[in-house]
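The block underneath contains the structure these notes are about, expressed in structure tokens.
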Ligand SMILES: [Mn+2]
């Protein structure tokens, strides 16, 4: 867990950057029906500042003054949820000497005498409260808050402390265990749903939760595939894209693809090794000072070289990166920021992930690159190149026109049904270079083939 003193140092760092008061609201519980709630997840910035996971809480910062607001517990809570923590106890646990009922928040904002900074959160009611208390035009996620506030939050959250890195390593360890169980359990006849259930069960058994809906599919060419209705068949490639979130809120995000039969066929193996090489080259490029766009281009060049070797591209890898031809087979960015959210800070907009003066590319593929900062020590990013055969892309008339000279569409048609391959790891930028924190998950062809289908390990005792 992150210590209260650590949260306090973040608040001081933020206040000294802002030079003005600031209001942060947390998320509230959202109901599906009365007495039937959706799972609660605190807003990440609110958690980052307070460690407070009480729904409906708020934080007011004004110079040295810090006030935590929270809904007072009721007697009914004791009966229905077993939770009763008096506000004073909540404050003592989280390191706040001043904790008040949240009903007092509007008057406290009024008493500031000036408009505080405030942040929109993924909860309409909480954002409306922040807007009402400040008069700011706030709407999640397109009007998240004043630019100076967003920049300060992005700069501070983007560089992880040793305590945060330890949390991310814990998330990575649980994720690695889940992946090993999933690989071991994969045999023809098993189902996508069962593998996903095993992954989520490992996370739950270790006190964590999925940091996003587990992707468990034999159709990796659908990038964010949420369908889990298929039975696994020999000859298919299976894709697992999943990550654990530990109680402090830090996430992992990993993808592996493996053969259902336990053996890659020659074409699958060639493509897998190209994506693996792209992953390794991109990881190696994640050095302090490197521009992330160049990390993306490094992976693209390796994928393009494979496409040239297979006769799918008729141009040099450099010409492919220039024109974007390879993106017909690698239609997404090489990765993104990672932290308390899987696409960390994405709710603040491109301001958090694109350096000033840098814009998203207009080119197909590269325009989905979620990050273009210069890397600095303490940043954590994902590296996730891929190779996909997407019939809908090959069918596009505008692509056939534009790339007709560069892409062999007849040859591409022979690959339809291949599905796709993505290999994703989480990388910490250290002063002397990159460090992969998602270790212990097979990556090489030999390591993958050695584990797939070996059966559930004894440690997976939670299986009933
Ligand atoms: Mn990812």
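Bridges between two residues of region 4-158, per DSSP, are antiparallel at a rate of about 70%.
In terms of the Cα gyration tensor, with a ≥ b ≥ c the square roots of its eigenvalues, is region 320-464 rounded because a/c is under 1.5, prolate because a/b exceeds b/c, or oblate? Oblate shape, in that a/c is at least 1.5 and b/c is the bigger or equal ratio. May I ask you to derive the FRET efficiency for residue 115 and residue 93 from their Cβ-Cβ distance with R0 = 51 Å, giving the value to the nearest 0.05? Using R0 = 51 Å, I get an efficiency of 0.95. Roughly how many Å is it from the Cα centre of region 74-150 to that of region 317-365, as a whole number? Centre-to-centre (Cα) distance: 33 Å. Equivalent ellipsoid of region 162-451: semi-axes from √(5λ) of the C-alpha gyration tensor, largest first, are 28, 25, 16 Å.
Can you give the angle from 0 to 90° between the axis of helix 162-185 and the longest principal axis of the chain, with both taken from C-alpha atoms, to the nearest 10? For helix 162-185, the angle is close to 40 degrees. Relative protection proxy for 240-249, 90-99, 190-199, from highest mean packing down: 240-249, 190-199, 90-99 (other beta-carbon atoms within 10 angstrom). Computed from Cα positions, the angle between helix 4-18 and the longest principal axis of the chain comes to roughly 90 degrees.
In terms of packing, defined here as the mean over residues of other Cβ atoms within 10 angstrom, the peptides 170-180, 129-139, 450-460 line up highest first as 170-180, 129-139, 450-460.
Once a ≥ b ≥ c are taken as the square roots of the eigenvalues of the Cα gyration tensor of region 238-371, is the result rounded (a/c under 1.5), prolate (a/b larger than b/c) or oblate (a/b not larger than b/c)? Note, shape of region 238-371 comes out oblate.
Backbone N atoms of region 320-347 closer than 18 Å to the 7 Å Cα→Cβ label point of residue 408 belong to residues 320, 325-330. Taking 0.36 nm per residue of separation and subtracting the Cα-Cα distance, full extension of the segment from residue 230 to residue 431 would add 67.9 nm.
In a fully extended conformation the segment linking residue 163 and residue 360 would gain 67.7 nm over its present Cα-Cα distance, using 0.36 nm per residue. Taken along the Cα-to-beta-carbon direction at a fixed 7 Å, the label points for residue 3 and residue 17 span 2.3 nm. Taking the longest Cα principal axis of the chain as reference, the axis of helix 292-309 is set at about 20 degrees.
Here, each number is a calculation from the coordinates, and none is a lab measurement. Here the structure is a predicted model, which is why all the values come from computation and not from measurement. Counting neighbours? That spans all protein chains shown, and the Cβs are built from the backbone with ideal geometry, glycine included.
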